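Structure first, then comments.
Each reported figure results from applying straightforward, stated rules to the coordinates on display, with no laboratory input. Since the structure is predicted, the reported quantities are computational estimates derived from the model, not experimental observations. Cβ sites come from the backbone with ideal geometry, for glycine too, and all protein chains shown count toward neighbours.
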Amino acid sequence: MHPTINLEEINACILVPTYNNDKTLKRVVEEILSLVPANRVIVVNDGSTDQTAEILKNFKEVTVLHNESNQGKGFSLRKGFRFAHEKGFQYAITIDSDGQHYPQDIQLLVEQVRLNDGNVIMGSRNMEQAGVPGKSSFGNKFSNFWFKVETWITLPDTQTGFRAYPLDPISKMRLFTTKFELEIEVIVRLAWRGVGFTPVPIRVKYDPEERVSHFRPARDFFRISVLNTVLFILAIVWYYPKKFFSIKTWDAIKKEAVKPEETNVRKASSLAFGVFMGIV
């Protein structure tokens, strides 16, 4: 079957991190290969102990990277980002191997990259639909709240694994986390670098018969909470002041201050009130 999605135009690859998802991996990779060329597909096997390695041997044209042991999704994503950037790709579209995503929706992300080049494209799931696990819905709301606090940006789904990442700004960052929390760290730090975000609705399915989730609520929520604590402190001492004292902010203040039709007293009162409300 000939590929139907043009990744060359945006110079993108498909990045699939996987760990012990042998129930769904073969189908997911086959569906991806029916849509895009095999030389643009990268699978990172995170030390799987099931039949993953044997399944991947059947996809000889796909690039497969192996971790010697299970290191975590974040570690695998970082490895995939480095490899893709070294190969000259400008974008990496990530998709989970547990079968929850529809590979056909890759086209939706590609279209948004064309319209919003340089942005992170976030595939946004409908977390209110039937069948969505309670821990996923709660975790997403929790994550959305802290992302907004840390970046002043509102997104509907900050825990989605279906994303299109611009690789150049990521290559300039030293990422630290290695588990699920990497997907929070990377978008917060990209936001701090001025990278834009574009959400796009995608389909999602949760089949309890085949889906295997390796998210451990207690341990992983703790790790994510620690990360958010660190990011919030950094936002207070670095990002907030930087944003407030940015050129755009001072240009806006100057524009308000020089209105010729207003008296100096009115200008001063307006600015003082604006500063006070900003602090509040």
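Overview of values
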item	result
FRET efficiency, 1/(1 + (r/R0)^6) with R0 30 Å, evaluated for Arg219 and Gln104 via beta carbons	0.35
31 Å Cα-Cα threshold exceeded, pairs from Lys57/Lys79; Lys57/Lys141; Lys60/Lys205; Lys23/Lys141; Lys60/Lys179	Lys57/Lys141
Residues with amide H under 5 Å from that of Val44, placed H, sequence gap 5 or more	Val16, Thr18, Leu65
Charge context of Val188, other residues only, Cβ under 12 angstrom, K/R +1, D/E -1	-1
Charge dipole magnitude, Cβ of K and R +1, D and E -1 - region 55-97, Cα centre, debye nearest 20	60
Set of aspartates and glutamates with alpha-carbon distance to Lys243 below 12 Å, sequence-local pairs under 8 removed	Glu150
Potential extension, Arg174-His85 segment - 0.36 nm per residue separation minus Cα distance	30.6 nm
Estimated distance in nm for a label pair at Asp50 and Glu68, the labels positioned 7 Å out from Cα along Cα-to-Cβ	2.5
Separation in nanometres of the label points that stand 7 Å from Cα toward Cβ, at Thr229 and Glu9	4.7
Added length on full extension, which subtracts the Cα-Cα distance from 0.36 nm per residue, Ile153 to Asn116	11.7 nm
